[in-house]
Amino acid sequence: MKADFETAAHEVSTLVANAFRAAGPVADNHPLAQAGLVDGHTVVLDYLEHNEAGLAYDHLIYMVVEADLKLSKRCKSAIMRIASYVEVPTPFDVND
């Protein structure tokens, strides 16, 4: 499970960073100007380190949704395995 979190957090964080670069200066009212996006990788792994897999998962999904990210199949598969582990419905179909 930890490897899946690391895989997903790495890709999601990279995509968030790319979104910030593409957006240029981000105004306070911009969708990317939310707490926990820029440092999301650290937040996710910190939750996981403190045995809070559910919160780590929630934060990971928050990042994907708020930054409107398009994930690779590999990342989606990792997130789906995490969802199974924390016993929540899968957030998407890996083929979407």
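The values are calculated or read from the model by the stated rules, or taken from the named source; none is laboratory data. All of these numbers come straight from a predicted model, not from anything done at the bench. Neighbour counts run over all protein chains shown; Cβ positions are idealised from the backbone, glycine included. To get the accessible areas, we keep the full protein, side chains included, count just its heavy atoms, and leave off ligands, DNA and RNA. Shrake-Rupley method; radii C 1.70, N 1.55, O 1.52, S 1.80 Å.
Candidates in the stretch 67-76 are the residues that are in a helix (DSSP H, G or I) and open to solvent by 70 Å² or more (accessible area, probe 1.4 Å); of these, the one that is farthest from residue 6 (Cα to Cα) is 73.
Each row is one residue, and each column tells you yes or no for (1) more than 13 Å from residue 8 (Cα to Cα); (2) under 11 Å from the mean Cα position of the chain (by Cα).
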{"position": "20", "(1), (2)": "yes, no"}
{"position": "24", "(1), (2)": "yes, no"}
{"position": "27", "(1), (2)": "yes, no"}
{"position": "44", "(1), (2)": "no, yes"}
{"position": "51", "(1), (2)": "yes, no"}
{"position": "58", "(1), (2)": "no, yes"}
{"position": "61", "(1), (2)": "no, yes"}
{"position": "68", "(1), (2)": "yes, yes"}
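Among the residues making up the stretch 48-66, a single one is of a type in the set (D, E, K, R) and assigned to a loop (DSSP other than H, G, I, E, B): 52.
Restricting 94, 12 to those that are of a type in the set (A, V, I, L, M, F, W, C), within 11 Å of the chain's Cα centre (by Cα) and either open to solvent by less than 70 Å² (accessible area, probe 1.4 Å) or at pLDDT 95 or above (or both) reduces the list to 12. When 57, 85 are screened for being among the hydroxyl-bearing types (Ser, Thr, Tyr), in contact (Cβ under 8 Å) with a residue 24 or more places away in the chain and open to solvent by 80 Å² or more (accessible area, probe 1.4 Å), only 85 passes. Per the listing 33, 3, 22, the residue uniquely in a loop (DSSP other than H, G, I, E, B) and either among the hydrophobic types (A, V, I, L, M, F, W, C) or crowded, with 17+ Cβ neighbours inside 10 Å (or both) is 33.
Residues in the stretch 31-40 that are under 9 Å from the mean Cα position of the chain (by Cα) and either modelled with pLDDT of 95 or more or hydrophobic (A, V, I, L, M, F, W, C) (or both): 37 only. When the criteria are applied in full, residue 45 fails the requirement of being part of a helix (DSSP H, G or I), in contact with a helix residue (DSSP H, G or I) (Cβ under 8 Å, 6 or more places away or on another chain) and either open to solvent by 50 Å² or more (accessible area, probe 1.4 Å) or β-branched (Val, Ile, Thr) (or both).
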